[in-house]
Amino acid sequence: MQISSYEPANRQTTPDFLVAVTDPNARIPRAGFSNQPRTAAEFAEYFRKSPQGKANSAEIDEYLNRFVGNDDEKMAYIESARAEFAKGSGNAKWVFVSLSKIWHG
């Protein structure tokens, strides 16, 4: 994601840039832009209106429509979790060695 009204510092990683953008003292305004978001609310609005924000919102809506309140998906998940647990639960080979055997050989 590009926040086009701010410039990353030289060799700045994306995570560092995103942190810096939230700090008014660390932001580097890009030349030619005068309407940069400055507050948390303005950044949130900027994100919501961006293509990435719209895609994120659509993905959340799709998830909610598919999974929330869907008993079939809930049961499928529960059965999957039980099967996964059952696969590994019987294969463990526990080896108990007494400490005296370790110390004395």
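The values are calculated or read from the model by the stated rules, or taken from the named source; none is laboratory data. Note that this is a predicted model, so its numbers are computed, not measured. With ideal geometry, Cβ positions are generated from the backbone for all residues, glycine too; neighbour counts draw on all protein chains shown.
For the range 8-22, state whether one or more residues are surrounded by 13 or more Cβ atoms within 10 Å (Cβ to Cβ), of a type in the set (Lys, Arg) and at pLDDT 85 or above. Within the range 8-22 (the criterion being surrounded by 13 or more Cβ atoms within 10 Å (Cβ to Cβ), of a type in the set (Lys, Arg) and at pLDDT 85 or above), the answer is no, since none of the residues qualifies.
For the range 23-34, filtering for residues that are part of a loop (DSSP other than H, G, I, E, B), at pLDDT 85 or above and surrounded by 10 or more Cβ atoms within 10 Å (Cβ to Cβ) leaves 4.
For the range 35-43, indicate whether the set of residues that are in a helix (DSSP H, G or I) and surrounded by 10 or more Cβ atoms within 10 Å (Cβ to Cβ) is non-empty.
Restricting attention to the range 35-43, the residues satisfying the condition of being in a helix (DSSP H, G or I) are 40-43.
Filter once more, so that each one left must be surrounded by 10 or more Cβ atoms within 10 Å (Cβ to Cβ): 42-43.
Looking through the range 35-43, at least one residue is in a helix (DSSP H, G or I) and surrounded by 10 or more Cβ atoms within 10 Å (Cβ to Cβ).
Checking each residue in the range 52-105 for being of a type in the set (Gly, Ala, Ser), at pLDDT below 85 and in a helix (DSSP H, G or I) picks out ALA86, GLY88, SER89, SER100.
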